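Taking it in order: structure first as C-alpha cells, then the write-up.
The values are calculated or read from the model by the stated rules, or taken from the named source; none is laboratory data. The structure displayed is predicted, hence computed values, not measured ones. Positions of Cβ are backbone-derived with ideal geometry, glycine not excepted, and every protein chain shown enters the neighbour counts.
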Amino acid sequence: MGRDGHPKAGRSSNGAATPPVATTPHPAYADTRDAKTAAAKAAAAADGGGRNDTTIPSIELLGRGDDTSVHAEAGAWEGPAAGSLIGNTYRVVGPLGQGGMGVVVLALDERLERDVAIKLIRPAYTRSQTARERFLIEARAMARVRHENVVEIYAFGELDEAPYFVMEYVPGTNVANWLDDAILEDRLPSVDEALGFLDQICRGVTAIHSSGTVHGDLKPSNLLIGPASRIAIADMGLSRLFDPTGQPGEHPMAGTPAYMAPEFARTDLPSELIQRGDIYALGVIAFEMLTGHPPFDIESTADMLLVHSGARAPLPSQLRPELTTAFDNALLKALSFDPVQRTRTPDAFRKALLEARESITAGHNNALRIVVADDDSDFLELASEALAYGFPGAQIELVADGEAALAACDREPASLAVIDLNMPGLNGVELTAALRANYSLPIVVVTASGGAPDWHLLSALGADGFLVKPIDPFALVALARKAIDSKKRRGTAAKKAR
C-alpha cells in the first residue's frame, strides 16, 4: 500500500515487478463520493449551496465530418488493464479517474521506480483529428509550465495508435472533495485554511499565464491537494496556447457552466483580456471556499446564460459575517461580468485576498513563538519581517542551523517552525523528524531545489507545508497562518472526540 492507502506496484526480492492490484478511482483525480456524501450534497444543493462542476463538451470536439457515434462507444472503455505495460516502462496499477474524452490510470515507472499518472485518450476518439489535436495541446500546455503548484508532465507517447501522456502522480484529494468533507462535518473551512490554499492556486495560475497559456477549466475538482497540503493544478484539456507573437490559438467552446465567464463564447476579445476568464473562475472558487456557497445557482448552460444576463452575487460578508467588506470588494471585482472591469491578473487577486485578510481583527499574537532556521541571513531577515507583519506581537527567534533550531524548541515551546531544507548540521529532513518526534508544532519547510520526492518524504515525516525559494512574503504568511490554524482545529477535534 502507498502512504495514501491506495495499492502501489512494487518489486519482488529478485527485482522483478510484482503484479499490481487494481484500484478504485482516486479522490484526487475524480469526484468519488459515497452515498452519504451524495445525500449531503443533494441537501446542500436544495439549500442553494450545491456545486455542479461537470464540464460541458466542446461543440467542436469531434470536428466536422467526424463520426458522432463515438460518444456512445467511448464511455465503455476504462483504460488499460491492471498489470499491462505501456511504452515498455509503465506498469499499470489501476484507474484514477476519467472524463469525457480520456481516462487517467496509476502506473509504476519501472525504470525510475516512481508512481506516475497516465492520461490516455479513449480509443473511440482516435478517429477524430480534432480530439487528437486537443489532447496534444493539453500536453504542450503542461510542458510549458514548471511550477510547484502545477502538475508536471514527464513524457508523451502512443499506445495502439491512441496518444497518452505521463505526468506526476499527486496522492491525496482535491478541493471539491475537501469542500464536501466540510459539508459532511457541518462546518466552514477557516478563513486562513481557505486562503492558504487560494494563495497556492493563484500562484499556479500566474505561472500558467506567464507561460502564454489560458487554463480554461479551473474548478475545485481540477485542484489537487497533495502531501503537506500542496496544491497542484491539473486537467488543462481546455487550455489555449498563445504563439510567440502573442496570438491565441484555437478556442474550445467548452467548459464548466458554474465557472465559465460570460465572455466564454466571444472570439473577438483582445489577447490581454482572454486570460481573465480564468480570473472569473478563480473568483467563483474563492467565493465558494470562503463562504461555503457558490455565488450563483448554476446547474446547466441555460442557468449560466440566465445568470449572466444580469444576476448579482450576494455579498460574501452577508453569508459569513466573519468576512469584512474588503472581501466583498476583492471577490466581486473578480466576478465582474465585464472582463475589462475584472481583476487584471491572478497575482493581483491573490494580493487582494491577502490584503482583505488584514482587515479581520487579528487578536493577540503575544503568545505565539516562531522559530526560523536557515543559514541564509537574507532569508532570515525576509522571513522575520514577513512573519512580524502577519503575526503582530509574536516572538520570532532566528537561528542559523538545525541544531540551534532544535535547541530553541527544547528551551521554550514554539508555535511554528520555519526551516530550510539544506542547512549545516541537522538538515531539514533530519530536523523535521527530530521536531516531530518530540513536539506537535506545525512545520513549514522552505527549499531552493526540492521537488515532489522531497515533499512526499517530508510530509511522511510530519511537515505541514512547503515553499520554494525565492519565496513571496505574502505566501509565507498565508501558509504559516494555515498551518497554525490547522493545528488548532486538530486539537479542538481531538478534545471533542474525547
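Numbers for the structure displayed
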read-out	value
Residues (surrounded by fewer than 21 Cβ atoms within 10 Å (Cβ to Cβ), in contact (Cβ under 8 Å) with a residue 40 or more places away in the chain and either under 23 Å from Arg481 (Cα atoms) or of a type in the set (Phe, Trp, Tyr) (or both)) located in region 393-440	Glu412, Pro413, Ser415, Ser440
Neighbours by Cβ (under 6 Å, 6+ apart or cross-chain): first from region 146-161, touching a residue at least 12 places away in the same chain (Cβ under 8 Å); second surrounded by fewer than 17 Cβ atoms within 10 Å (Cβ to Cβ) and in a loop (DSSP other than H, G, I, E, B)	Gly157/Gly87
Extreme residue, farthest from the chain's Cα centre (by Cα), among residues of region 221-231 that are closer than 13 Å to Gln200 by Cα and in a helix (DSSP H, G or I)	Ala228
Selection count, region 316-341, where residues are aliphatic (A, V, I, L, M) and either outside the structural domain of Phe264 (by TED's automatic domain parsing) or under 24 Å from the mean Cα position of the chain (by Cα) (or both)	6
When residues of region 375-392 are limited to those that are without any contact (Cβ under 8 Å) to a residue 24 or more places away in the chain and within 29 Å of the chain's Cα centre (by Cα), the one surrounded by the most Cβ atoms within 10 Å (Cβ to Cβ)	Leu380
Selection status of Thr492, at pLDDT 90 or above and assigned to a helix (DSSP H, G or I)	no
Among residues of region 318-335, those that are within 25 Å of Asp472 (Cβ to Cβ) and of a type in the set (S, T, N, Q), counted	2
Yes/no for Ala311 being without any contact (Cβ under 8 Å) to a residue 12 or more places away in the chain, over 20 Å from Cys202 (Cβ atoms) and not aromatic (Phe, Trp, Tyr)	no
Residue match in region 101-115 (condition: in a helix (DSSP H, G or I) and either assigned by TED's automatic domain parsing to the domain that holds Tyr164 or within 25 Å of Gly255 (Cβ to Cβ) (or both))	no
Only listed residue being surrounded by fewer than 20 Cβ atoms within 10 Å (Cβ to Cβ), more than 19 Å from the chain's Cα centre (by Cα) and at pLDDT 90 or above, chosen from Leu159, Leu120	Leu159
